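The values are calculated or read from the model by the stated rules, or taken from the named source; none is laboratory data. Only a predicted model underlies this, so the values are computations on that prediction, with no experimental measurement involved. A quick note on method: Cβ atoms are made from the backbone with ideal geometry, for glycine too, and the neighbour counts reach across all protein chains shown. The accessibility values were calculated without ligands, DNA or RNA, using every heavy atom of the protein model including side chains. Shrake-Rupley method; radii C 1.70, N 1.55, O 1.52, S 1.80 Å.
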Amino acid sequence: MVATCLQLVGFVTSFVGWIGILVATATNDWVVTCGYTITTCRKMDELGSKGLWADCVMATGLYHCKPLVDILILPGYVQACRALMIAASVLGLPAIFLLLTVLPCIRMGHEPGAAKYRRSQLAGIMIILLALCALVATIWFPVCAHRETMIMSFGYSLYTGWIGATLCLIGGCVVLCCSGDAQSFGENRFYYSSGSSSPTHAKSAHV
């Protein structure tokens, strides 16, 4: 029962974290920049927003973004963070699918528990890998962006990426370390069977 609950916790945590990584990848509010001093930017109400795909200008009644489409002139850290976040987003799709197939409520014929255990371990490794990719990107980007311009604060996209990567790391560790062993994985299930001499259903454990 405990292993079943841990599997569900690992799946939900990993899925929510992956959604957070997708949101962080698709949005551009990673860091809020300021071309002048912080006091001047606040008085002028003119701030910048920098992300993976566009540089934006935020002012009163104005929000204008310039897409970063010319790959040849992009800084190396932007391209590397793009690649890491895309890899994390793409890697999450098969990982979540594998986790879905090993849930206690999903049965694929008379599949042995060892096969589900191997899929669970593979999914856990993939979740941890995508979490590490997202963590590296969300830490690397603001550090390098601060060298180019003055960062006033972190944006919601960066916070979303941090939270998503942390949730995926926790979920992957739960799936990888708390699934039991290959022999008992998926075997401790309860089912109902009816006997020939009793009209009622009796609960028995299949081990």
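Would you say ARG147 is in contact with a helix residue (DSSP H, G or I) (Cβ under 6 Å, 6 or more places away or on another chain) and free of Cβ contacts under 8 Å to residues at least 24 places away in the same chain? Write out each step before concluding.
On the way: in contact with a helix residue (DSSP H, G or I) (Cβ under 6 Å, 6 or more places away or on another chain): no; free of Cβ contacts under 8 Å to residues at least 24 places away in the same chain: yes.
Against the criterion (in contact with a helix residue (DSSP H, G or I) (Cβ under 6 Å, 6 or more places away or on another chain) and free of Cβ contacts under 8 Å to residues at least 24 places away in the same chain), ARG147 does not qualify.
Looking only at residues in region 131-163 that are over 19 Å from GLY76 (Cα atoms) and outside any helix (DSSP H, G or I), the one that is most open to solvent (accessible area, probe 1.4 Å) is PHE154. Here CYS41 meets the list (1) open to solvent by 30 Å² or more (accessible area, probe 1.4 Å); (2) modelled with pLDDT under 75 almost entirely, failing just condition (1). Within region 44-74, the residues that satisfy the criterion of being at pLDDT below 80 and in contact with an Asp or Glu (Cβ under 6 Å, 6 or more places away or on another chain) are ALA59, THR60.
On inspection, LEU84 qualifies as assigned to a helix (DSSP H, G or I) and modelled with pLDDT of 90 or more.
Residue check: ALA123 meets all listed conditions (1) closer than 17 Å to THR4 by Cα; (2) modelled with pLDDT under 90 but one, namely (2). The residue of region 111-120 that is modelled with the lowest pLDDT, among those that are open to solvent by less than 50 Å² (accessible area, probe 1.4 Å) and among the charged types (D, E, K, R), is LYS116.
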